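Undergrad: The structure that follows is given in the form of structure tokens.
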């Protein structure tokens, strides 16, 4: 058991051999290893207590117990050799330099004694055998966040040449830290700095694949934009016309020309062809559709071969109250026709109208004793009659004189024929 150190208060007073042996024994140190919670005993004076346990606590004995007869003589070393921290706690409400407890990290040690007034424990010294190997957690580093040391506090480390200070100085002057070139994991560093994936893109090759871009100057057309902030101005800058805003199922073209397109089908209001002949075929038109108007005075009846001939500008009429069939005009309006040898019938269509209020009006073609089909109407508008037929079989291969006649049925109006279209069958 360690004992108190014996001292002389009077200079020159020698210690006995027994007293010197006692003092040597007091200055020797015994190592005591503990792996669980432990309470210091008065017999642990001058011992080094090594604590090696996870989340354990070392409780000091009471100040009164340690004081004994001499408050200056009780010392104890405590060292934590475990990877987890060690709590060193005062006994009951007793304190260590005013604190209820202190914490020792791995390989940290502390020399404890009693305060000068013998009222609490005090720290005489601390030690750390491997400061260079300590790595602090984010939580532990955050404790330092916001600390602003004073000039006086900084002067405490001025001139320190320890290994710790050497490394701190090297880090403070390192360009690797200033420009981050010494970072070993660039991806983690970017994450810690809050940088996104766009941070690694070159300024001349930026690719944005999501999100939105707002508050910028309008991107010009030359750079792939529209040069505008409104839809209307964008269309103008892109050279789009009013048709650009129309729906594809409701297009309205009000001017200009449409060229170079696929022929519009008959079903869609077109002809389905790019040629006049093809258009007539698709519309079901016959040879009559392409014939020019021919006056009856210049018809080449000798070459009449079944193709329709058009007689117009007759303006022939029959007077009012003509109940009987009356020739339109007079004998000068007779029509001399050559009948092809293969023909047996003359087919005709009349363009005619009646003027007045007759309830009935009729027209027909005739020759000799042969009467053509009677065409009837009650309309005062221009009539395009259904085809009538006149028998000309007896005159096949020769000529025949044709006339047009009409009757008002006794009504008080007139009948006028404007045009006759004829052909042989």
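Undergrad: Cα-based Rg of the range 236-285 per 2.2 N^0.38 Å, rounded to two decimals? List each step's numbers first, then the result.
TA: Values: Rg = 14.7 Å, N = 50, 2.2 N^0.38 = 9.7 Å.
Taking the Cα Rg and dividing by 2.2 N^0.38 Å, one obtains 1.52.
Undergrad: If packing is taken as the mean number of other Cβ atoms within 10 Å per residue, what is the order of 42-54, 212-224, highest first? Could you put the intermediate results ahead of the total?
TA: Details: 42-54: 17.3, 212-224: 8.6.
In decreasing order of mean packing, 42-54, 212-224 become 42-54, 212-224.
Just so you know, all these numbers are worked out from the coordinates, no wet-lab data involved. If you're wondering where the values come from, they're calculated on a predicted model, not measured in any experiment. When we count neighbours, we look across all protein chains shown, and the Cβ atoms used for this are built from the backbone with ideal geometry, even at glycine.
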